[in-house]
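Note sheet for the following structure.
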């Protein structure tokens, strides 16, 4: 599973370079590097740069941070039932919880034998998280040094939908999950078209809404 | 943006990640059933979101073809095959487009 994270890491590095090149204009080199080191959230960091670009003050930056991070509550809750370690180790693992690492961890846990689900999920989250974090940092460093990889942005942009489709396929455990996944995709597309400001939150909102109805496992 | 604001953003982000992972007790079986339905739905939604730009505009032909290739490979339930299917789709889309 970790080897399969390498294409995602390459794509993350490309986007990291684009982030580094864009953010250094508004943040300067030290804060740009610090942001990737401490925040480790591509969607949020790009959104913050966009806000800084239109002259946003502190409050919009913090509100955007809160809103975009709401999805972590759902991802964390979905992972929590698989974790078996104590709060200290879970606190360490939490730093590495991003959309992609959540996917790798869930997929790895789904393929593990029942007694090994917890350890496999935690190990995958840690290793995939470290891999993508390092890729994000390297990409940011390349970007702030003026080496943006814009030429391969389109190729990198194709990796994420492919990755998420593959992770969805791995996460399906029952036929009803396919129906729910399709419903969530349609709901997300509708939100993206009708309420574009909610596009970043749409996946989590749709994921939760389609998960609630029904009594079947 | 000052270093202090950056630290606040980092703390909010980490707090949102840790809130459920660290503080939430192990969920009840009923809640666990609901949670087990979420990952596939979220990934399908994320895939959809990455295929749509501002105002719902579709991504370019190669990206759509890559997604189609991955979708065709998805019944195999193998991430590797999905990546291969996506690569073939992207190449075909780039060639056609």
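Computed quantities for the displayed model
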{"read-out": "Residues being without any contact (Cβ under 8 Å) to a residue 12 or more places away in the chain, under 11 Å from residue A:144 (Cβ atoms) and under 15 Å from the mean Cα position of the chain (by Cα) - total across the range A:6-54", "value": "0"}
{"read-out": "Residue among B:13, B:48 that alone is under 17 Å from residue A:180 (Cβ atoms), touching a helix residue (DSSP H, G or I) at 6+ places or on another chain (Cβ under 9 Å) and either free of Cβ contacts under 8 Å to residues at least 40 places away in the same chain or surrounded by 16 or more Cβ atoms within 10 Å (Cβ to Cβ) (or both)", "value": "B:48"}
{"read-out": "Extreme residue, nearest to the other protein chains (Cβ to nearest Cβ), among residues of the range A:87-116 that are assigned to a loop (DSSP other than H, G, I, E, B) and at pLDDT 90 or above", "value": "A:97"}
{"read-out": "Number of the condition not met by residue A:154 [criteria: (1) away from chain B (no Cβ under 12 Å); (2) farther than 26 Å from residue B:37 by Cα; (3) free of Cβ contacts under 8 Å to residues at least 60 places away in the same chain]", "value": "(1)"}
{"read-out": "Test: residue B:72 is closer than 23 Å to residue A:104 by Cβ and more than 8 Å from chain A (Cβ to nearest Cβ)", "value": "yes"}
{"read-out": "Out of A:128, A:156, sole residue that is at pLDDT below 85 and assigned to a helix (DSSP H, G or I)", "value": "A:156"}
{"read-out": "Single condition residue B:20 does not satisfy, out of (1) surrounded by fewer than 18 Cβ atoms within 10 Å (Cβ to Cβ); (2) within 7 Å of chain A (Cβ to nearest Cβ)", "value": "(1)"}
{"read-out": "Conditions (1) crowded, with 16+ Cβ neighbours inside 10 Å; (2) in contact with a strand residue (DSSP E or B) (Cβ under 8 Å, 6 or more places away or on another chain); number of the one not met by residue B:58", "value": "(1)"}
{"read-out": "Given (1) in contact (Cβ under 8 Å) with a residue 24 or more places away in the chain; (2) outside any helix (DSSP H, G or I); (3) within 24 Å of residue A:76 (Cβ to Cβ); (4) more than 9 Å from chain B (Cβ to nearest Cβ), number of the condition residue A:214 does not satisfy", "value": "(4)"}
{"read-out": "Hits in the range A:177-199 - residues which are farther than 25 Å from residue B:32 by Cα, more than 7 Å from chain B (Cβ to nearest Cβ) and in contact with a helix residue (DSSP H, G or I) (Cβ under 6 Å, 6 or more places away or on another chain)", "value": "A:191, A:198"}
{"read-out": "Residue satisfying condition, being under 29 Å from residue A:37 (Cβ atoms), more than 8 Å from every other protein chain (Cβ to nearest Cβ) and touching a residue at least 60 places away in the same chain (Cβ under 8 Å), within set A:128, A:119", "value": "A:128"}
{"read-out": "Test set (1) under 18 Å from the mean Cα position of the chain (by Cα); (2) in a helix (DSSP H, G or I); (3) at the interface with chain B (Cβ under 7 Å from one of its Cβ atoms); (4) surrounded by 18 or more Cβ atoms within 10 Å (Cβ to Cβ) - residue A:64 fails condition number", "value": "(3)"}
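Per-residue answers, yes or no, for (1) within 7 Å of chain A (Cβ to nearest Cβ); (2) part of a helix (DSSP H, G or I):
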{"residue": "B:15", "(1), (2)": "no, yes"}
{"residue": "B:25", "(1), (2)": "no, no"}
{"residue": "B:40", "(1), (2)": "yes, yes"}
{"residue": "B:43", "(1), (2)": "yes, yes"}
{"residue": "B:63", "(1), (2)": "yes, yes"}
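The values are calculated or read from the model by the stated rules, or taken from the named source; none is laboratory data. In this text, all values refer to a predicted model and were calculated from it rather than measured experimentally. All Cβ positions, glycine included, derive from the backbone under ideal geometry; neighbour counts span all protein chains shown.
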